[in-house]
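Please read the structure below before turning to the comments.
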């Protein structure tokens, strides 16, 4: 069965051009970039080229790019660094809808005596900048807010948030793992101090990430040892994946218009047709500014895991904000923070597209999902009064 | 992705007995929309009102909840009410070739619905919290407020499934899986059930063979000691057993902890209490 892959916020296919770019750096050009000989030196040049390509996508300078092992490492390092830079400051601000890479770290900080403020979101998943402004004080070391939400695609007004935070003297970090490559960023005209991205969300392999650190921003490394990454991240470079990351960023730059054009049109069509064909649905974050590739649709009276398993039978790969799929017992923290009504929080499905998504794949979902929902609703003890009226 | 057996998948994709029985003799309803799964079970009895002639269900929930409901209805058809009352959640899971531990609560939900239906038919109390749509009398005191579960119900599940950690109780009943506020109480219930079982079984035999003693030491460390250390982020590893001398190495938060001497005493006390009174525990680096 050929897969219809609509789970690109979980991970993406490695672009074949990216794979070709990294291929020689394992069995042939395996030198260590730190070596003095020509064999390491030629790899160093490619790593530098990759750094330049990542910088170009972000509108940053090459020396502001630190390669890491994943988005989580980037997030962890940014927050830890700020706390080391300002040992006297004991307050951190984040939001209730962050990725666990940030949220778990912040919640652990409370056990070490830090004060942590988790900003609320409204029913559409939007941040209240006034609440942010009120939360930041002279004790705040860092504010970490995601650029775009992985579950709903809701985009936060990060530039405005960064300006507010900078004016109050705290550092500002953003987890931009879902945003990079989907919406344009320009660090040259930004107030962001640190920004995280992840390779495998933009068609590079798993196991490589980037932390952007603005020139002049004080930084303390999490991994210490060798001088790699100008002392900001010790450890021999993951050369193949770093070179892949560079290529992936170059391609993301090239395909940016396609994301906001063709991908957005497919997402919008999927949303429109599913809403028309399936009664009693709501779009999570539908009233907010969203990433062009993400659709989170909630369906009343059904549970997400059943939907995903039946979609999977048809080859369709999606994800859910429901409890049962994750092994936890409550719906996702994002949907709960948004106050999604409990009649449909368990029945939320996320479709996330990429530049490899085709119209035929969207057609397949539009054909297969409505009968799946009908089948599960017919089996459910809830909503029968409403369904009998259909 | 969950590691479901082929039988679970098959019952999920082709569930048996979906629907309702309009003139059912008994209906059992458990769970709710807010909880994330719910089951409504319909039972039709023969003319003597003794034997189940038909069973149907409506389920809101994950793949294993639907498969468990389907399995339950297949199992109870043809049973007398007394036979049906004796069905355990483990038998439902076994019928499906097993369930992932995190999904065992689905089998418990099936067993519960059956119990509620029969209790309602017989007009007696069921050991389950009363959800708003369910008008059964309940016995016991609510322990888990998030999912509305009583001590009587939890103790029954702990005993019949031989659960020994709070995490297992969450997997089997959901209790403690939301706010976590009742986890200390769940641990107390486990201790209570284990204590009662122990008295009944008259453990700690007078004379132990070396082999049996080593087994008991290992079991005690696994079931009694390590779960308590985990709760504080610590752990230990059994390094060696030499006669009555037990060597352990502390791990995670326990390693290098200032009160590891106290922890070693706690381990020794547990082993003396449950295995043999002449055991000595020694902390080693390893």
Gaussian network model of chain A, springs between alpha carbon atoms under 10 Å - residue of A:102, A:224, A:302 with greatest fluctuation: A:224
q = 0.14, 0.15, 0.23 Å⁻¹: log10 I(q)/I(0) that the Debye formula gives for region A:1-89, counting C-alpha atoms only: -0.79, -0.87, -1.25
Potential lengthening between residue A:1 and residue A:116 on full extension [0.36 nm per residue; Cα-Cα distance subtracted]: 36.7 nm
Helix-only mean residue ellipticity at 222 nm for chain A, each DSSP H run of n ≥ 4 adding -39500 (n - 2.57), per residue, nearest 500: -12000 deg cm²/dmol
Neighbouring partner chain Cβ atoms per residue of A:303-310, average, 10 Å criterion: 6
P(r) tail fraction, chain B - alpha-carbon pairs more than 36 Å apart, %: 29
C-alpha long axis of helix A:304-313 to longest principal axis of chain A, angle in °: 90
Within region A:52-153, percent of DSSP bridges classed antiparallel, to nearest 5: 10
GNM top mover of B:155, B:187, B:252 - chain B, alpha-carbon springs below 10 Å: B:252
Exposure proxy ranking, count of Cβ atoms within 10 Å, fewest first, for A:299, A:187, A:146: A:187, A:299, A:146
Taking only Cα atoms of region B:1-133, radius of gyration then Dmax in Å: 13.7, 46
Label zone at residue A:223, where the point sits 7 Å out along the Cα-to-Cβ direction: region A:57-73 residues whose backbone N lies under 13 Å: A:66-73
Global geometry of region B:1-66, whether rounded, prolate or oblate, following the gyration tensor of its Cα atoms and the 1.5 cut on a/c: oblate
Theoretical gain in end-to-end length, residue B:214 to residue B:142 [0.36 nm per residue, Cα-Cα removed]: 22.0 nm
Helix B:260-274 axis, angle to chain B major axis (alpha carbon atoms, nearest 10°): 60
Potential extension, residue A:268-residue A:35 segment - 0.36 nm per residue separation minus Cα distance: 78.8 nm
Shape category assigned to the protein assembly as shown from the gyration tensor of Cα positions, a/c cut at 1.5: oblate
Residue B:258/residue A:163 FRET efficiency (R0 41 Å; Cβ-Cβ; nearest 0.05): 0.35
Residue with peak Gaussian network fluctuation, chain B [Cα springs, cutoff 10 Å], from B:83, B:29, B:102: B:83
Simple label model, 7 Å out from Cα along Cβ direction - residue B:251 to residue B:20, nm: 5.2
D_trans [Stokes-Einstein, Kirkwood Rh over alpha-carbon pairs] for region A:238-390, 37 °C, 0.692 mPa s, µm² s⁻¹: 196
Shape category assigned to chain A from the gyration tensor of Cα positions, a/c cut at 1.5: oblate
On Cα atoms only, tilt of A:158-167 relative to the major axis of chain A in degrees: 50
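All of the numbers you see were taken from the coordinates with simple rules; none came from a lab. Since this is a predicted model, take the numbers as computed values, not measurements. For neighbour counting, all protein chains shown are included, and Cβ atoms are generated from backbone atoms with ideal geometry for every residue, glycine included.
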